[in-house]
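The values are calculated or read from the model by the stated rules, or taken from the named source; none is laboratory data. Since we're looking at a predicted model, the values are computed, not measured. Reconstructed Cβ throughout: ideal geometry from the backbone, glycine too, with neighbour counts over all protein chains shown. Accessible surface is based on the protein model in full, side chains and every heavy atom, while ligands, DNA and RNA are left aside. Shrake-Rupley method; radii C 1.70, N 1.55, O 1.52, S 1.80 Å.
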Amino acid sequence: MTTTNHISPQLLLSRRGPLQGRCRMKDRYLVAVSALMLLVPSLVMGQELKDGADDNASIGRVWGNYTVQQSVEFGGRITDTSGNVQMYDTLVDLHGGPRLLGQELTIRPITRGGGFFDSLYMNSFGFGGDPDNVARLRIEKSKWYNFVALYRRNKNIFNDNLFANPLTLNPGITNCSTVTGGAVNPCTAAFSPQANYFYTNSPHQQATTRNMGDFNLTLFPQSVVRVRLGFARNDNKGRVDSSLEDVNIDLTQQSKWRSDRLTFGVDVRLLPRTTLSFDQFFERDKVDTAYVNNPVNPYTLGVGGPGVSIPLYFPPCSVVVGGIPQPYITAPGVLNPLCNTGVFGYSRRTNVRSFFPTSQVSFQSNYFRKLDVTGSGTYSSGNSKLLNYNELFFGLVARTNNTAFQVSGPGNTNRVSGSADLGITYHFTRSLSISDKFHWLDWRDPGATAQLTTNCFSNKATGETLSTPTGAPCGVPGISTLGFAPAGLTASSLNNYNTLEGERRYFNTTTLHWTPSRLFGAYAGYRYGRRELKTNFLEVDSTTSTLAGGLIGPATVGNPSGGDLSTDRINLHAGLFGIVVRPTNAWRINIDTELQSGDNAFTEIAPRHEQRVRANTVLKLNRWSSINGGVHFIESRNDWAENFGGFGVNLFPVAYPRAYGTQSHNRYYTVGASLKPTQRVGVDFGWTYMDQKFSIPACMVLSSATIVAGGAPARCPVTTNQPSDPVQFNITANQFTVPLTQAYEENTHTGYAILTVRPVHRVTLHVGYDLTSTNGNDKWLRADNQSPLQVLGDAFGNSPGIPGNPGTVVTGATTSAGSNAFLGPFPNQPLGSQVFNWHVLNAGIGIEVAKGIMFKGNYGYYDYNEKEGNISPNQLVTLPRNFRANMGTLALRYSF
């Protein structure tokens, strides 16, 4: 039966995003479709035939010297979607209209050996508007050639407004009006998230289309010498949005990526049961990006001022006049000129061109009957060039007082990579064997760039506001005057950098296999691994004219900095165990265990110690029923926090319980069954439960001690040497750094059930249901007492409170943290993918109305419902993404 495709939300890195909207059709059309699907079976109930072979299994037709089998399924969909359309497109993206739902063609010659081919097979589906289209062609002629072509088109809509959205992680979501005479004015001029574009859309949304083609030809497939030729193209185009970190403005681009890959290979079989192969790959990549400022919220600077883009996250205006904090927004669409963040224009353009040739030699042999040997080795040396890089900014970055900057210059990176694999298996007897597998990889990426940077600063470097930056600043190319004051001060630098990043790894695994009978088998093994990560950053030379005391200093040549090669090493040891048990011929049990321990980790959340246990079983009860089940446990931990400030120094204060780095577990439980008591009835169902928990110690920098409810905890110890590079990761004495533990928990249930019934010979009915349900939380706990961290803020969840907002007390120029307590550190943070229900229901019918002609009808229901109720409506920074959709699919299948 034809069923509609969908993507489970659990397959997404994060929840997909929404733009509120409705796309509805008249309900009577869905009622008509449903009625037709229910009435049609009654028209054929009296046409019951004798049980026998499936009438759809056609023997084909004879055309000349060929036997041809063909099927075409053509139809269309009718959809009705309510709620968040962007979330629907992210998860489903199936819309109404005619479709080629499926096509299949098989041609075989009656007399083999003659004609152009011995067999031809072609199939396709999804053309006409579906997001996924596939076409496949296979032609072969014995002893001469085998050709396979595959085309795929994928439309990817991603709009998760929780993904990379700074509104969900920062205060400032609602800025009310001014304070007059110590009293808070009503919030009639408030700038709330509902007025922001990113209340409904992700600042990193994308809408791309990928076209992929793979073409492979094998010549003389059964000969001693076999030749393989191939070509593949991956072309990806579309809109990709991003954001600029310094001022958090929205960026957009029409991006283009294309990768072409040519393949040439030869297989030689000179000895019995032995094959030697050589492959040569040529890959060429093109990446073109051109980010520009996307003024999704067009504002003007004051009354009649120029257009300006405001950041996604609005910091409170730092200007105080007469003891009264000034508002950020003075009127709808008008930005206060006194405030200090905004952008008049931004662009970043670059082109990347890469070429990577790769050579590979491999072999496999069981020439000696007790010895199996496989091996391969590859070498690649390529180059990636950064061309025409140019970044241009004009506005004001409050953090640095920049009014404009330009960065340009070429870059070049080489990639050298080598790898080798060798596997040997020796069979002592039919029941006892030993194998050894060795893997080696060594790659390095040396790079160099010459970067020219020009920074412009206003003449009013202290107390500068957005209304005072210079026009045509400092001669930065591409900046227009916009009617501002004369140019200000310029600082420029020319820097040359050399970088190196590389890794060397090798693993050796030895395993003993014992299978005394077909009812029992076991293995035990040991794996040793070594990984070395090398990094280097060297500023070769620099020429800089600097801004000092309001004046531009003379150009100076800097001394080389950096240059030390940093090497991190990991030694890994793992024990491998497993058994296969068959208590009866119909019952099979597999258990695999892996215990791994390392003496280091490259990142603070990567595990040093990990245990994995997998167990699966399949029991065939009788000829028409079977059940299956399994468990999968992953336990891991990292002891990094014990040595954060040096060997033996703990991340937390001495009086607190010791922190032992990241600890986590992932546990999966599955069960399923397949029942088919007769040819007319079949049932399949399954259920999976996933339990995830993470405990991660951290030291988080907060604004001040006054925003922590219930008293501020002791600060984390000051560090100077861990990690030593980059040094900005160290904890300094002037930071208010709170020791916390992130406690993340998520429980997910997924299940499905499918019922298939054939009430009469020519009619097939099916009903299917899928469910994904998640429950979880992400809490930050105080390390001193393990109670949830609470912060103080205004009524809208801003911490500290924003001047002018309810719950924020302002006395003169002093602003309190707020009088409302919230779970912190981000009171406005939604729970994300931890709380939702995802229902998918399908019901369909197939009726063979005549020989080779089948009518199909399918009804699909989609329901995405977020269950989070932890945030009040005043604090919501993203729109709820619930949606419901009804879909009817009608099709006619013709086959012979």
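Ordered from longest to shortest, the equivalent ellipsoid semi-axes for region 247-291 are 46, 10, 6 Å, each the square root of 5 times a Cα gyration tensor eigenvalue.
Carbon-plus-sulfur fraction of the accessible area of region 668-720, 1.4 Å probe, in percent? Here it works out to 62 percent. Per residue, the accessible area of region 658-807 comes to 45 Å², computed with a 1.4 Å probe over protein heavy atoms only. Within the accessible area of region 770-896, the carbon and sulfur atoms contribute 57%, probe 1.4 Å, all protein chains present.
With a Förster radius of 51 Å applied to the beta-carbon distance between Val373 and Ser787, the computed FRET efficiency rounds to 0.25.
For region 752-896, the alpha carbon convex hull comes to 155 Å³ per residue, rounded to a whole number. Straight-line reach from Lys676: taking Cα to Cα under 23 Å and skipping same-chain neighbours fewer than 8 places apart, the lysines in range are Lys50, Lys620, Lys856.
Would you pull out the residues with amide H under 5 Å of Gly96's amide H, same chain only if 5 or more places away, H placed 1.01 Å from N? Answer set, sorted by chain and number: Thr79. Maximal additional length on extending the Gln742-Asp691 stretch stands at 16.7 nm, based on 0.36 nm per residue less the C-alpha distance.
Would you mind getting me the FRET efficiency between Val72 and Trp144? Use the beta-carbon distance for r and R0 = 35 Å, nearest 0.05. Intermediate values should be presented prior to the final figure.
Details: r = 30 Å, r/R0 = 0.86.
Calculated value: 0.70.
By accessible area, using a 1.4 Å probe on protein heavy atoms only, region 332-393 has 57% of its surface on carbon and sulfur. Ranked by the mean number of other Cβ atoms within 10 Å per residue, highest first, peptides 701-714, 580-593, 82-95 order as 82-95, 701-714, 580-593. Compared with the direct C-alpha span, the chain from Val671 to Ala524 gains 50.2 nm at full extension, assuming 0.36 nm per residue.
Does region 97-155 come out rounded, prolate or oblate by the C-alpha gyration tensor, with a ≥ b ≥ c the root eigenvalues, rounded set by a/c under 1.5 and, if not, prolate when a/b is larger than b/c and oblate if not? Since a/c reaches 1.5 but b/c is at least a/b, the shape of region 97-155 is classed as oblate. For Asn161, the amide hydrogen comes within under 5 Å of the amide hydrogens of Gly17, Ser202, counting only partners 5 or more places away or on other chains and with H modelled in the peptide plane.
Near the amide H of Val540, within less than 5 Å, lie the amide hydrogens of Asn496, Tyr497, Asn498, all on another chain or at least 5 residues away, with H placed in the peptide plane.
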